[in-house]
Amino acid sequence: MRRVVVTGLGLVTPLGADVETAWKNIIAAKSGAGTITKFDATDFHSNYACEVKPADHEYGFDPDKRVDHKVQRQVDPFIVYGIDAAGQALEDAGLTEMSEEERFRAGCSIGSGIGGLPGIESESLVLAAKGPKRVSPHFVHGRLINLITGQVQIKYGLMGPNHAVVTACSTGAHSIGDAARMIAMDDADVMLAGGSEGAICPIGIAGFGQARALSTGFRDEPWRASRPYDKDRDGFVMGEGAGVVCLEEYEHAKKRGAKIYAEVIGYGLSGDAYHVTAPHPEGSGAFRSMEMAMRKSGLELGDIDYINAHGTSTPLGDELELNAVRRLFGNSIANLSMSSTKSAIGHLLGGAGAVESIFCILALRDQIVPPTLNLDNPSDNCAGVDLVPHVAKERQVKAVLNNSFGFGGTNASLVMKAI
Amino acid sequence: MSDTADRVKKIVVEHLGVEAGSVTPEASFIDDLGADSLDIVELVMAFEEEFGVEIPDDAAEKITTVNDAITYIDAHQG
């Protein structure tokens, strides 16, 4: 089987719109949460979220860097974030100047959980108020989930696989796993893979609020709201942004002397077959997803040093994931650290698995694991697990596992190691 | 430049993301300003909103340059 390595990274997050800034802020235990600025959310279930900051902010996002003005006008934010993160990854990999032959073998697998919700909302209002002749001609292709991949392939002339995963909050992890398989199966030599989300809009907050998924109790202190594994957690905090990695066939990367961050060695995926929003009560799907990824990786359980947990800060989900980890890893759980970076940047939904995989890769690079913020009073169930409360921790990191689970009972796990 | 011309130019710059200097009366939306057919649909919508005119599809098809738009709007504005 052809080996697959990571040679480029790209991030747009509430704590920074490039890899080094976001990572520095994650390690410094900053929170990206605040009162929602995109609209007046006073009367909503929750009036706080982790928004990507504007260009003039200390760690804001400047869309003009990589996305044409015309495209910005026509598409939803999730596409803008995705194009930028993909561009960062390609630049980081040093692959912006490929020959046509190489570009035939370079593709994209960049998805989103729910896609262009803000634009669907606003154009629906235009339709209701002014009729069908005032709906934007760019409405459809400015909202479709596969249009990050579409836009990126046009911008960079990539003509390999043109793929987009839609598996709710597992999207980012599935995108990377699927793309790694495409390279392994010789469909491509290079794949930009990841996920993006930009759904902080009235209908998005109202919808997740009505599904009773959002944290609602921290209006005065939003930075305390995302608190995975803590006794006072009350739901997830909506985030936004994108993560994209450049995956490359190992020999291809070696031949051109590319910088190699990590190797993707295990991918597991499973379904709960239980409930549309609630996780399986025994964490069965999560367990089988991790187990498959570990089996494919060829590693021993004791080899995993760090798990970036799904850990969304919902009352039910965090415990079930922890149970599944405990059941799979047994005594080896004492060797590893496990944290949830959603405590800092919120839940990026379809972007989460990709952004968090990048944090895993940076943990491998820098031999430090990011903290779980706000873990003041761990649940009783947390005893004996190093959940890296409050501050980052320097430690040996040779192999990592990333988990993502989503509505619809969809689970994905990735195992990566340093080379 | 007339008031109509100024407002048309502003809409074209905003929608197509082009430099104001390139929006000359003779400029073709497709050949000179990088528009595609859907961009033109969007521009026509914006002209209709801005000037309160209705531009039917058969008329819109004949608007290929900045000047075509200005002429049509000046001829049909209430």
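State whether one or more residues within segment A:209-224 are within 20 Å of residue A:241 (Cα to Cα) and buried (at least 24 other Cβ atoms within 10 Å of the Cβ). The answer is yes; a qualifying residue exists. Filtering segment B:1-21 to residues that are within 14 Å of chain A (Cβ to nearest Cβ) and surrounded by 15 or more Cβ atoms within 10 Å (Cβ to Cβ) leaves B:11, B:12, B:13, B:15, B:16, B:17, B:18. One residue stands out among those in segment A:145-172 that are in contact (Cβ under 8 Å) with a residue 24 or more places away in the chain and surrounded by fewer than 18 Cβ atoms within 10 Å (Cβ to Cβ): the one that is nearest to residue B:36 (Cα to Cα), which is A:155. Residues that are of a type in the set (A, V, I, L, M, F, W, C), touching a Phe, Trp or Tyr at 6+ places or on another chain (Cβ under 8 Å) and farther than 22 Å from residue A:13 by Cα within segment A:139-187 comprise A:159, A:180, listed in sequence order.
Within segment B:28-68, the set of residues being hydroxyl-bearing (Ser, Thr, Tyr) and either in a helix (DSSP H, G or I) or within 10 Å of chain A (Cβ to nearest Cβ) (or both) comprises just one member, B:37. Exactly one residue out of A:52, A:71, A:67, A:80 is within 14 Å of chain B (Cβ to nearest Cβ), closer than 20 Å to residue A:238 by Cβ and in contact (Cβ under 8 Å) with a residue 12 or more places away in the chain, and it is A:80. Scanning segment A:123-144 for residues that are small (Gly, Ala, Ser) and touching a residue at least 40 places away in the same chain (Cβ under 8 Å) yields a count of 2. With the condition kept exactly as written, say whether any residue in segment B:25-46 is over 21 Å from residue A:74 (Cα atoms) and more than 11 Å from the chain's Cα centre (by Cα). Yes, because at least one residue in segment B:25-46 is over 21 Å from residue A:74 (Cα atoms) and more than 11 Å from the chain's Cα centre (by Cα). Those helices (runs of 4 or more DSSP H) of segment A:222-332 in which 1 or more residues are among the acidic types (Asp, Glu) and touching a helix residue (DSSP H, G or I) at 6+ places or on another chain (Cβ under 8 Å) occupy A:284-297, A:315-329.
Among the residues here, residue B:64 qualifies as closer than 22 Å to residue A:134 by Cα and out of contact with any Lys or Arg (no Cβ under 9 Å at 6 or more places or on another chain).
Scanning segment A:284-316 for residues that are of a type outside the set (A, V, I, L, M) and out of contact with any strand residue (DSSP E or B) (no Cβ under 9 Å at 6 or more places or on another chain) returns A:300, A:302, A:315.
Rule-based calculations on the coordinates, nothing more; no lab input. What you are looking at is a predicted structure, and each value in this text was computed from that prediction instead of being measured. Because the Cβ atoms are built from the backbone with ideal geometry, glycine has one as well, and the counts that use them run over all protein chains shown.
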